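Shown next, in structure tokens, is the structure this report addresses.
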Amino acid sequence: SSMAAAQTLPPYFTKGSIIQLANGDLKKVEDLKTEDFIQSADISNDLKIDSSTVERIESTHSPGIAVVQFSVGEHRAQVSVEVLIEYPFFVFGQGWSSCSPERTSQLFDLPCCKLSVGDVCISLTLKNLK
Amino acid sequence: NVEPRSVAVFPWHSLVPFLAPSQPD
């Protein structure tokens, strides 16, 4: 059911959730901009932004679950992630995007775009990762 | 009277998936 799916996603994607940026500023989740993530990563001691380009989106035999294949970072490492179709990724210059923006809006009231092949999502890696 | 309510505040990095694949040597 949709309730079960909603409960498996963390609460901070719900519209109105308060998010603290690295400089201490508070913003609502729906108001976050690309710059907020970039500036927060800039002053973070241990995190840095990595770009993850969507290469493929596939449905699975499990309803409500998709596999998103990303090309990550300058080394273009291939990473496949199994996600709920309502899971929102943050796309550079666009904002929250999911495989099913209708479901994301329905469950979280979060304004959301359709995640598409070629979208560049914000992801994080650890600084000084050897 | 307005009762003070605690409001959850989430750190910005919670919202970004960590994707840290093994880097080539």
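Throughout, read-outs are computed from the coordinates displayed, never taken from laboratory work. These figures come from a predicted structure and were not determined experimentally. All Cβ positions, even for glycine, are placed from backbone atoms using ideal geometry, and neighbour counts span all protein chains on display.
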Open item on the list: The conditions are (1) within 12 Å of chain B (Cβ to nearest Cβ); (2) of a type in the set (A, V, I, L, M, F, W, C); (3) surrounded by 19 or more Cβ atoms within 10 Å (Cβ to Cβ), and A:Ile85 fails exactly one of them. Which is it?
Closed with: (1)
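State which residue is surrounded by the most Cβ atoms within 10 Å (Cβ to Cβ) when the search covers only region A:111-130 and only residues that are in contact with a strand residue (DSSP E or B) (Cβ under 6 Å, 6 or more places away or on another chain) and in a loop (DSSP other than H, G, I, E, B). Before you say what the answer is, go through the steps one by one.
Filtering region A:111-130 for residues in contact with a strand residue (DSSP E or B) (Cβ under 6 Å, 6 or more places away or on another chain) gives A:112-113, A:115, A:117, A:119-125, A:127.
From what's left, in a loop (DSSP other than H, G, I, E, B): A:112, A:115, A:117, A:119, A:127.
Values: A:Cys112: 23, A:Leu115: 25, A:Val117: 11, A:Asp119: 20, A:Lys127: 11.
Per the stated criteria, the residue is A:Leu115.
What is the residue count in region A:34-88 for residues that are charged (D, E, K, R), outside any strand (DSSP E or B), closer than 17 Å to B:Leu19 by Cβ and in contact with a Leu (Cβ under 8 Å, 6 or more places away or on another chain)?
Matching residues across region A:34-88 total 1.
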TODO: Tally the residues that are closer than 10 Å to A:Ser52 by Cβ, facing chain B (nearest Cβ under 8 Å) and free of Cβ contacts under 8 Å to residues at least 40 places away in the same chain, restricting the search to region A:64-82.
DONE: 3
Open item on the list: Please determine whether any residue of region A:114-128 is touching an Asp or Glu at 6+ places or on another chain (Cβ under 9 Å), of a type in the set (Ser, Thr, Tyr) and in contact (Cβ under 8 Å) with a residue 40 or more places away in the chain.
Closed with: yes
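Here are some residues: A:Glu35, A:Glu58. Which one is more than 18 Å from A:Ile122 (Cβ to Cβ), more than 10 Å from chain B (Cβ to nearest Cβ), acidic (Asp, Glu) and surrounded by fewer than 15 Cβ atoms within 10 Å (Cβ to Cβ)? I'd like the intermediate steps shown before the answer.
Details: A:Glu35 fails: more than 18 Å from A:Ile122 (Cβ to Cβ).
Step by step, each of A:Glu35, A:Glu58 is checked, and only A:Glu58 is more than 18 Å from A:Ile122 (Cβ to Cβ), more than 10 Å from chain B (Cβ to nearest Cβ), acidic (Asp, Glu) and surrounded by fewer than 15 Cβ atoms within 10 Å (Cβ to Cβ).
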